[in-house]
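The values are calculated or read from the model by the stated rules, or taken from the named source; none is laboratory data. Just so it is clear, the model here is predicted, and its values are computed rather than measured. Note that each Cβ is placed from the backbone with ideal geometry, even for glycine, and that neighbours are counted across all protein chains shown.
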Amino acid sequence: MQMLIRGWMMYDLTQSPLMVTMVTAAMMLPMLFLSLIGGALADRVDRKLITIASDITLLGSFIALFAISVAGVMAPWHIITISVINGIAFSLAVSARQAMVSGLVHREQMRTAVGLSATTYNSAQIIGPAIAGVMIPLLGVTWALAVSAIVVVPAPFLYSSLKPAKHRSVNSATGSVIENVKAGLAYTFQSSSLRFLMLGAMVMILTVGPFQSLMPVFAEDILKVGAGGLGVLMLAAGIGALIGSIGVVIIGESVGHQKLEFIFGVLGALTLVAFALSPWYALSIILVAITAFATTSFMVVNMTVIQVSTPDYIRGRVVSIRFLVIGLMPFGALSMGAGAESFGAPTAVAIVAGIGAVGFAIVQIASRMFSPADSQRTSSNQ
């Protein structure tokens with residue numbers, strides 16, 4: 001919710017597509033520098049405490065941005081600064097938040113639990129902006145910020161109520177944080193299945209994932225539908241994401257994860273190309289829903305397989321590498337933003353998404369050529 005509201009505010013202040021994508025960049029860039037440390041902490045410190053501390057920090061920053069907006073002194077640097085603070089808090093806790101799931105359920109329930117956790121995380125990335133898109137024209141940006149802050153209030157209390165299952169192992173990482181980080185990187189690199197899972201996520205993050213960052217530009221300048229039209233577009237994306245995430249959990253193990261990733265990856269890229277070039281608002285609504293459906297489905301499958309195939313003692317560090325990949329999203333967003341400044345948003349998004357479609361095909365071919373045995377073993381284990 002916050003990211004879309006901030007993007008809208010930034011565009012209102014600057015009228016610059018590049019500055020709009022800077023909001024996403026400021027939030028995501030800390031992942032490049034801190035997610036690995038967060039992963040090491042998740043295997044050393046109580047994951048619940050890390051998560052609660054992060055949520056309290058996020059809540060404080062949301063309240064600060066609301067107060068600045070109420071005071072009527074909002075400037076671009078306020079938005080960027082708060083986004084960086086959010087990014088730091090999120091990066092240090094996101095691995096603990098995800099890896100904590102394994103300690104809450106028994107082993108036979110783990111795949112479903114991890115799938116549902118990944119579903120909530122990835123669908124919220126699209127459903128949240130959808131809600132914000134509806135609130136902006138109804139309430140205005142200031143009170144939309146207030147609602148987004150209120151939503152966070154229950155989180156620390158909910159996390160504090162969690163009780164681990166009896167089988168949960170105590171975090172046992174020893175040595176220095178740097179040694180822990182190196183061990184996580186080595187474990188991931190030595191598994192060809194994990195390498196290709198990370199590579200597939202990288203293609204998604206760099207080419208299709210950032211599509212939301214330019215939604216204010218499409219709504220305002222391309223489709224000429226304003227804040228109300230932006231709300232409808234984001235609502236359509238939220239519905240698509242919700243359907244996709246639930247559908248993936250229902251599909252379960254009936255279809256191999258490689259096939260699912262290829263289908264969802266290419267579908268998301270091609271529908272994003274079509275959305276970028278669409279001159280009709282009604283068609284754009286349908287296409288953005290399909291793009292969100294495919295993007296969320298891909299990310300849920302990808303995260304579920306990574307978590308389930310990793311032992312608990314090192315899961316926090318492996319998950320942190322996955323979020324390090326997500327930290328590359330600013331480069332995709334900024335490339336779209338820079339391209340939009342030079343060639344226009346439709347051309348820039350279409351080119352980047354087209355590159356993504358090719359990238360998904362290459363990753364799938366390479367994974368079958370260079371690690372067929374390992375890939376088959378991972379699939380059968382899931």
Return yes or no: is Ile52 within 22 Å of Tyr159 (Cβ to Cβ) and not in a loop (DSSP other than H, G, I, E, B)?
yes
Inside the stretch 262-286, the number of residues satisfying the requirement of being closer than 16 Å to Ala219 by Cβ and crowded, with 23+ Cβ neighbours inside 10 Å is 4
Look through the stretch 37-49, keep the residues that are part of a helix (DSSP H, G or I) and aliphatic (A, V, I, L, M), and return whichever of them is surrounded by the fewest Cβ atoms within 10 Å (Cβ to Cβ).
Leu49
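Every residue, every condition in (1) modelled with pLDDT of 80 or more; (2) farther than 22 Å from Leu32 by Cβ; (3) over 20 Å from the mean Cα position of the chain (by Cα); (4) in a loop (DSSP other than H, G, I, E, B), yes or no:
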{"residue": "Met110", "(1), (2), (3), (4)": "no, yes, yes, no"}
{"residue": "Asn122", "(1), (2), (3), (4)": "no, no, no, no"}
{"residue": "Val151", "(1), (2), (3), (4)": "yes, yes, no, no"}
{"residue": "Ser172", "(1), (2), (3), (4)": "no, yes, yes, yes"}
Is it true that some residue in the stretch 21-36 is more than 19 Å from the chain's Cα centre (by Cα), in contact (Cβ under 8 Å) with a residue 24 or more places away in the chain and surrounded by fewer than 22 Cβ atoms within 10 Å (Cβ to Cβ)?
no
